[in-house]
1. Does at least one position in the range 121-131 carry a residue that is touching a residue at least 40 places away in the same chain (Cβ under 8 Å) and in contact with a Ser or Thr (Cβ under 8 Å, 6 or more places away or on another chain)?
2. Somewhere in the range 127-141, is a residue within 14 Å of the chain's Cα centre (by Cα), surrounded by fewer than 17 Cβ atoms within 10 Å (Cβ to Cβ) and modelled with pLDDT of 95 or more?
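The values are calculated or read from the model by the stated rules, or taken from the named source; none is laboratory data. In this text the structure is predicted, and so the values were computed from the model without any measurement. Backbone-built Cβ (ideal geometry, glycine too); neighbour counts: all protein chains shown.
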Amino acid sequence: MAKSIRTKEDQRRYNMSRIKSKDTTIETNFRKALWHEGIRYRKNYSQLPGKPDIAVTKYRIAIFCDGEFWHGKDWEIKKPKIQENREYWILKIERNINRDDETNRRLQNMGWTVLRFWGKDIKKNMSVCVDEVKSAILQFKIDSYDELWGEDECYL
């Protein structure tokens, strides 16, 4: 079978076309772990700004599973290391970072808790990430209780 010869640009285009924007392995595994803990959610919830990967609507928690490259993890360290098509990638990643910040602000102004996890953190420390979601749920319950009964009153 003849091997097709591709230019560097063709190969990059092919690789980029295979990158998924939703239902990645990391997202799917994280959702399964949340479901196993009894945490019910909506996926890719389009009714919220930024269309969170996971939205725990009952507790107003928006969860994003961010890829390190696309969302600029350690950006100031990695930015100088970009060698090819620098102008494009620097602009793109910085736009993503700014969009993420704006999405966080909009969701927080709507009363939502925003949790962002790096893909590698989910992969390596799934239980820690799940525990962080559980802590956010507990905090929501405490805040709701305080709103209902008042912070200074204790009815034990």
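1. No, every residue in the range 121-131 fails to be touching a residue at least 40 places away in the same chain (Cβ under 8 Å) and in contact with a Ser or Thr (Cβ under 8 Å, 6 or more places away or on another chain).
2. Looking through the range 127-141, at least one residue is within 14 Å of the chain's Cα centre (by Cα), surrounded by fewer than 17 Cβ atoms within 10 Å (Cβ to Cβ) and modelled with pLDDT of 95 or more.
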